[in-house]
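Asker: Before I ask anything, here is the structure I am working with.
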Amino acid sequence: MMTILQAAVLGVVQGLGEFLPISSSAHLILVPWLLRWPEHSLAFDVALHVGTLIAIALYFWRDWLRLALAGVRAPRTTDGQLFWILIMACIPGAVIGLLLEHKVETTFRQPALIAVMLMAMGVILFWADWRGRKALLIGQTGWRRGLLIGLSQTLAVIPGVSRSGITMTTGLGLGLTREAAARFSFLLSAPIIAGAALVKIKSLFAMQQALTPVAVGMACSAVAGLLSIRFLLAFLNHRGFGLFALYRLLLGGGVLLVYGLR
């Protein structure tokens, strides 16, 4: 049985980890593992994703409406092209996610593997932030860069990589500004999160657990997600990704230490 406190903590973890480059899937596995909490149900996991979907929809609905209208009415404009680039970039991640669904829910859920991926991606994120030209705005992403960012997103099926982390890292490596890389990643997340929630929505309606923890987790996920989006976009106007790279290294090292002791 999940307590209200556990539901709230996991909701906050999902909301922060989904949009900050620290891997929500890794944290949703590691937090219960470190605290010896019972594993949460698939229905609860879907509810948390619905919460982050609400957050991204509330923050970017005007952007998506503008882009969608441009994509239909004026596909050759900057906004029109960006809309179709985002749609194209979603396809690789959706396909790989469906093909490797079983692996994601079994083989990839090992704390040691997650720790290694957290640390490896922390190093890569720092390198991309340091070496990237940071010159291109989001409207200058283009089809090739959009496709490469979409392909990189397929690696996020491995907990610890981070969907936002890998797409922002790739965007930085391809010359996007920090803000542009983050905004593209956030816009790209909406169809992916919606698709993931839709595929498993049946489990939410067929859940066997109390409704209150699910509702609390969803609400906390939505609020934390909205706050994390606002925080990161403001933070990147003045700072880089070094803080998140350092956090990944420290967390990964800590998990390996606990894993060895246990």
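The values are calculated or read from the model by the stated rules, or taken from the named source; none is laboratory data. None of the values given here were measured: they were computed from a predicted structure. Here the Cβ positions follow ideal geometry from the backbone for every residue, glycine too, while neighbour counts run over all protein chains shown.
Asker: Going through Gly122, Gly165, Gly195, Gly160 one at a time, which residue ends up being assigned to a helix (DSSP H, G or I), more than 18 Å from Gly225 (Cβ to Cβ) and either modelled with pLDDT of 95 or more or in contact with a helix residue (DSSP H, G or I) (Cβ under 7 Å, 6 or more places away or on another chain) (or both)?
Answerer: Gly122
Asker: Against the definition (closer than 28 Å to Gly122 by Cα, touching a helix residue (DSSP H, G or I) at 6+ places or on another chain (Cβ under 7 Å) and without any contact (Cβ under 8 Å) to a residue 12 or more places away in the chain), how does Glu39 come out, yes or no?
Answerer: yes
Asker: Exactly one of (1) under 21 Å from Lys200 (Cα atoms); (2) in contact (Cβ under 8 Å) with a residue 40 or more places away in the chain; (3) touching a Pro at 6+ places or on another chain (Cβ under 7 Å) is unmet by Ile4. Its number?
Answerer: Tallying (1) under 21 Å from Lys200 (Cα atoms); (2) in contact (Cβ under 8 Å) with a residue 40 or more places away in the chain; (3) touching a Pro at 6+ places or on another chain (Cβ under 7 Å), Ile4 fails exactly one: (1).
Asker: Which residues, taken from the range 1-33, are within 12 Å of the chain's Cα centre (by Cα) and among the polar types (S, T, N, Q)?
Answerer: Gln14, Ser23, Ser24, Ser25
Asker: Separate question: Is there a residue being in contact (Cβ under 8 Å) with a residue 24 or more places away in the chain, in a helix (DSSP H, G or I) and acidic (Asp, Glu) anywhere in the range 101-118?
Answerer: For the range 101-118, residues in contact (Cβ under 8 Å) with a residue 24 or more places away in the chain, in a helix (DSSP H, G or I) and acidic (Asp, Glu): absent.
Asker: Among the residues of the range 1-59, write down those that are of a type outside the set (Val, Ile, Thr), within 14 Å of Arg109 (Cα to Cα) and surrounded by 19 or more Cβ atoms within 10 Å (Cβ to Cβ).
Answerer: The answer is Ser23, Ser24, Ser25, Ala26, His27, Leu28, Leu30, His40.
Asker: Do you know which residues across the range 232-253 are surrounded by fewer than 21 Cβ atoms within 10 Å (Cβ to Cβ), in contact (Cβ under 8 Å) with a residue 40 or more places away in the chain and not polar (S, T, N, Q)?
Answerer: Across the range 232-253, the qualifying residues are Leu233, Leu236, Gly240, Gly242, Leu246, Tyr247, Leu249, Gly253.
Asker: Ok, one more. Could you please let me know if Phe244 is of a type in the set (Phe, Trp, Tyr), at pLDDT below 95 and on the phi < 0 side of the Ramachandran plot?
Answerer: no
Rundown of residues vs (1) within 17 Å of the chain's Cα centre (by Cα); (2) crowded, with 22+ Cβ neighbours inside 10 Å, yes/no style:
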| site | (1), (2) |
| --- | --- |
| Pro92 | yes, no |
| Val95 | yes, no |
| Leu98 | yes, no |
| Asp129 | no, yes |
| Lys134 | no, no |
| Leu137 | no, no |
| Ala156 | yes, yes |
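Asker: Additional query: Counting residues that are of a type in the set (Val, Ile, Thr) and more than 26 Å from Gly252 (Cβ to Cβ), which helices (runs of 4 or more DSSP H) fully inside the range 1-74 reach at least 3?
Answerer: Hits in the range 1-74: 42-73.
Asker: Pick from the range 78-117 the residues that are of a type in the set (S, T, N, Q) and within 30 Å of Leu35 (Cα to Cα): which of them is modelled with the highest pLDDT?
Answerer: Selected residue: Gln110.
Asker: Count, please, the residues in the range 161-194 that happen to be farther than 18 Å from Thr52 by Cα, among the small types (Gly, Ala, Ser) and crowded, with 24+ Cβ neighbours inside 10 Å.
Answerer: Qualifying residue count for the region: 2.
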